Amino acid sequence: MNGPFRLLLPLSIAIVVVAAIFRAMPGAPRHRLRRCVLLLAFYAVAIAAEQLFAFLGTPFSSTSVPLGYAAQALEVLLIINLAAIALFDLLFHIARWDYPDIVHELSVGAAYLVAGVLLMHRSGVNLSSIVATSAVVTAVIGLSLQATLGNVVGGLALQLDDSIHEGDWIELESKVQGRVRQIRWRHSVIETRDWDTLIVPNSQLLTQTIKVLGKRSGERAPHRMWVYFSVDFRFAPGQVISLVNEALQAAPVANVAAEPKAHAILYDLGKENRDSYAYYAVRYWLTDLASDDPTSSLVRERIYAALRRAQIPLALPAATVFLSSDDPDHAERKRTREHAFRLSALQNVELFALLSDKERGKLAEAVRVAPFSAGEVITRQGSTAHWLYILTKGKAEVRLTGTGGEEQKVAELKAPSFFGEMALMTGAPREATVVALDDVECLRLDKDDFKEIVALRPELAKEIALILAQRRVELVAVRVILDAEAKKRTMATEGSKILESIRNFFGLNGDR
């Protein structure tokens with residue numbers, strides 16, 4: 001192709017090739033390709049118009065000259081844009097060099113300026129007079145657009161010094177926190193936690209101290225958060241801190257970093273001699289800065305459940321006065337309801353079917369309420385704890401850890417249910433891990449609460465041993481096929497082993 005159309009086909013082919021590459025490249029800047037397509041369309045129209053007016057002759061031939069200059073200018077602009085795409089969006093992408101967008105825009109703008117000067121020089125324009133005139137015009141424009149130019153320079157500085165990136169969470173001096181969505185020439189767009197959008201002039205961002213959340217020494221890191229609570233002086237700080245740390249670290253909490261570990265500290269003692277409680281704080285590190293309040297809520301749930309399990313109430317102001325219209329009859333009815341609830345829960349446990357009503361009533365007085373929040377570990381495989389849990393509310397999951405360290409779900413427990421009977425009766429380590437699936441309420445029965453009954457009725461040990469042996473054989477039969485005779489032999493062997501363990505555990509060896 002000759003004449004004015006000589007570059008139209010190569011440039012069209014180049015745009016088609018770039019379009020094919022962008023189609024296969026995720027996140028490609030397609031707006032730059034659209035700009036090239038638009039320039040190509042104008043370029044083709046200018047060439048066609050130039051040729052048409054030249055063909056028509058006088059008086060239209062004079063119009064073809066400026067159209068020719070326009071076609072040359074559009075051709076140069078199109079070549080500059082295609083070269084910028086090849087350099088920044090293809091070559092730099094392959095080299096994995098992450099550059100600010102403003103570098104691309106500045107480079108293209110500078111190339112436009114140089115190309116404009118060269119084209120005017122080729123056209124015979126007197127550049128010296130233009131430079132003299134433009135100096136005065138530039139001074140006038142600079143004074144009138146001082147604020148706008150300051151924002152533009154601010155945008156350049158923000159992107160070139162690499163201090164703030166799109167996607168960063170920042171806190172302004174006004175204590176407003178938000179995520180940087182865009183850094184434009186004149187302003188930056190910040191989306192706040194309240195689902196609002198701030199348009200902040202770039203010059204203002206440069207004149208204030210900005211806190212970049214979750215970033216340290218140029219590396220992204222979790223952001224430290226605080227949750228406060230208070231407990232009165234009846235409970236030792238070491239005990240409170242230990243209980244809360246165990247609850248927070250025993251099982252993961254969504255959006256809380258595993259390292260550094262979440263932990264509690266004694267934040268302060270009573271202030272100004274007016275408080276009768278100590279101030280505590282939990283420090284945890286947030287991995288998803290958009291989920292600050294929901295994550296703090298989960299941490300508070302863990303704290304509340306841990307303190308309630310240990311029967312440690314949250315502090316109340318010392319001056320609080322409680323007025324109650326409860327009479328002795330009302331208090332007795334309340335106690336009777338709680339006793340009946342616990343007694344009903346105990347009746348669901350097969351081991352206690354052998355007990356008399358009096359003995360079960362005694363155990364009902366001894367059991368303790370043990371709540372757990374979702375995700376908490378109730379018992380851990382391999383640990384030693386001499387108590388049984390009666391699940392009265394919620395669901396829990398039973399998990400086994402294999403020899404390779406992998407953990408798998410083997411069962412799901414729903415209230416009413418119970419677990420931990422082997423630990424209560426024999427002191428054996430926990431055979432599985434039990435994790436709360438939602439908010440769980442348990443009653444906990446300790447060995448010492450059951451020891452007196454077993455000591456008074458040693459014959460219970462043999463009957464309980466048979467029940468435990470039967471449960472164990474049923475579990476074995478799930479994994480290994482056993483016929484009736486094999487089950488009978490296994491029952492006898494397991495029954496003897498468990499009975500011996502019960503007698504040793506409760507000190508009944510003299511009552512054979």
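Using a Förster distance of 25 angstrom, determine the FRET efficiency expected from the C-beta separation of K409 and V369, and round it to 0.05.
Numbers: r = 27 Å, r/R0 = 1.06.
FRET efficiency, K409 to V369: 0.40.
For the pair S242 and K451, label points projected 7 Å from Cα toward Cβ lie 1.9 nm apart. A simple spin-label model places pseudo-atoms 7 Å from Cα toward Cβ; at A281 and V103 they are separated by 4.1 nm.
Could you compute the FRET efficiency for E463 and A221, with r as their C-beta to C-beta distance and R0 at 60 Å, rounded to 0.05?
Values: r = 59 Å, r/R0 = 0.98.
So the FRET efficiency works out to roughly 0.55.
Counting beta carbons within 10 Å around each of L113, L354 and listing the fewest first gives the order L113, L354.
Assuming R0 = 41 Å, can you tell me the calculated FRET efficiency for the pair L269 and D438, based on Cβ-Cβ distance, to the nearest 0.05? Write down the numbers at each step before the final one.
Values: r = 36 Å, r/R0 = 0.88.
The calculated FRET efficiency here is 0.70.
Here the residues T336, T209, ranked from fewest to most Cβ neighbours within 10 Å of their Cβ, fall in the order T209, T336.
Please pull out the direction-averaged projected area of the stretch 222-309, using the convex hull of its alpha-carbon atoms, in nm² to one decimal place.
Numbers: hull surface 23.0 nm².
So the mean shadow area of the Cα hull is 5.7 nm².
Footprinting exposure proxy ranking of H121, H263, fewest other C-beta atoms within 10 angstrom first, gives H121, H263.
Multiplying the residue separation of V189 and A290 by 0.36 nm and removing their Cα-Cα distance gives an extension gain of 34.7 nm.
When only the Cβ of Lys, Arg, Asp and Glu is charged (+1, +1, -1, -1), the dipole of the stretch 3-125 relative to its Cα centre reaches about 200 debye.
Proximity of backbone amide H atoms, modeled 1.01 Å from N, is registered between A315 and S230, V231, D232 at under 5 Å, excluding neighbours fewer than 5 places apart on the same chain. Straightening the chain between K358 and E485 buys 41.9 nm, computed as 0.36 nm per residue apart minus the Cα-Cα spacing.
Every read-out reported here was derived from the displayed coordinates using simple, explicitly stated rules and does not represent laboratory data. Keep in mind it's a predicted model, so treat the numbers as computed, not measured. Note: ideal-geometry Cβ built from the backbone for every residue, glycine included; neighbour counts use all protein chains shown.
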